[in-house]
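This report concerns only the one structure given below.
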Amino acid sequence: MRIHLLSQSRVVALCAHLGMGLALVIPPGAVASSATSADAVPAPQADSVSAQRLAQAKIDIVDTLVANGSFTTLVQLVKQVGIVEDLRGFGRFTVFAPDDNAFAAVPPDVLQILKSDSALLAKVLTYHVVSDTAPFLAAQLRDSKPLRTLERSELKFAARDGGLYVNNARVLQADIMATNGVIHKIDKVLVPEAVMAEIRKRQQMMMPVPSVPSPMSVPK
């Protein structure tokens, strides 16, 4: 099915050659160890509540993001890396969607690095998407174990200060339903730690080399 092509081959083809994974606020422990067992992520239960709410939805994930009006940058970037049709297709997606304010808080040089490298950008975007047998509603995430994303790293969840957090991004609006999944609006762009390390390397390469001052003449 289409969604399996995205999660297993297409994303790997886009990203594997970099061998790393994105938090523009880097959450501690955001990246799963390569030795992490897939069994650490349990399959969610397709409860009647989520099934009913999916049935009531009228449009897919992408159209829901567009209709919401606060995900303009996210939609543009999804189009740039060519995964629009995948997110419109069959699936049970859980999307942690940074709003426009979250992207506006990203340093301009970092955003430019991502926009100039489609493979690196694809890793960031797919780090925000979980695909499983059923989407995860906010109530399930409060007690959830780490979940593996399409990027292949894991996201962690915590309920604190009266809110729900994914890594260290706060969920601003939960359970925005679409025909093929659910969207949770978050206030930060998530970036796997290894990708952030790559970004730092590129930032250093972009820094101008300081000029060496000419030696001062010494009077004889």
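The values are calculated or read from the model by the stated rules, or taken from the named source; none is laboratory data. All of these numbers come straight from a predicted model, not from anything done at the bench. Glycine gets a Cβ as well: all are built from the backbone with ideal geometry, and neighbour counts include every protein chain shown. Note: areas computed on protein heavy atoms with side chains; ligands, DNA, RNA excluded. Shrake-Rupley method; radii C 1.70, N 1.55, O 1.52, S 1.80 Å.
Summary table below
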{"quantity": "Dipole moment magnitude, nearest 20 debye, the stretch 64-200 about Cα centre, only Lys, Arg, Asp, Glu C-beta charged", "calculated": "180 debye"}
{"quantity": "Within the stretch 87-115: backbone nitrogen closer than 11 Å to the residue 51 label point (7 Å, Cα to C-beta)", "calculated": "none"}
{"quantity": "Karplus-derived 3J(HN,Hα), 6.51/-1.76/1.60, for each residue of the stretch 126-135, Hz, glycine and proline x", "calculated": "6, 5, 9, 10, 10, 10, 8, 6, 7, x"}
{"quantity": "Simple label model, 7 Å out from Cα along Cβ direction - residue 142 to residue 66, nm", "calculated": "3.5 nm"}
{"quantity": "Protection proxy ranking, peptides 95-104, 147-156, 77-86, average beta carbon neighbours within 10 Å, highest first", "calculated": "147-156, 95-104, 77-86"}
{"quantity": "Neighbourhood charge, 15 Å Cβ-Cβ cut-off, centred on residue 204 and excluding it, Lys, Arg +1 and Asp, Glu -1", "calculated": "+1"}
{"quantity": "Qualifying lysines (Cα of each under 21 Å from Cα of residue 123; at least 8 residues distant if same chain)", "calculated": "79, 115, 156, 185, 188, 201"}
{"quantity": "Amide hydrogen neighbours beyond the local backbone of residue 157, cut-off 5 Å, H modeled", "calculated": "167"}
{"quantity": "Fully extended contour minus Cα-Cα distance, from residue 197 to residue 112, at 0.36 nm per residue", "calculated": "29.0 nm"}
{"quantity": "Phi-based couplings in Hz for the stretch 137-148 (Karplus 6.51, -1.76, 1.60; Gly and Pro marked x)", "calculated": "7, 4, 4, 6, 5, 4, 10, 7, 6, x, 10, 7"}
{"quantity": "Sites residue 159 and residue 76 - FRET efficiency at Förster radius 22 Å, r taken between beta-carbons, to 0.05", "calculated": "0.10"}
{"quantity": "For residue 181, distant residues with modelled amide H under 5 Å away", "calculated": "93"}
{"quantity": "Linear extension gain, residue 85 paired with residue 174, 0.36 nm per residue minus alpha-carbon span", "calculated": "29.7 nm"}
{"quantity": "Per residue, in Å², the accessible surface of the stretch 56-174 once ligands and nucleic acids are set aside, probe 1.4 Å", "calculated": "40 Å²"}
{"quantity": "Accessible surface, 1.4 Å probe, highest first, among residues 127, 165", "calculated": "165, 127"}
{"quantity": "Amide H within-cut-off set for residue 186, under 5 Å, with H built and near neighbours excluded", "calculated": "97, 99, 172"}
{"quantity": "Cα-based equivalent ellipsoid, the stretch 74-220: semi-axes from gyration tensor eigenvalues, Å", "calculated": "39, 18, 13"}
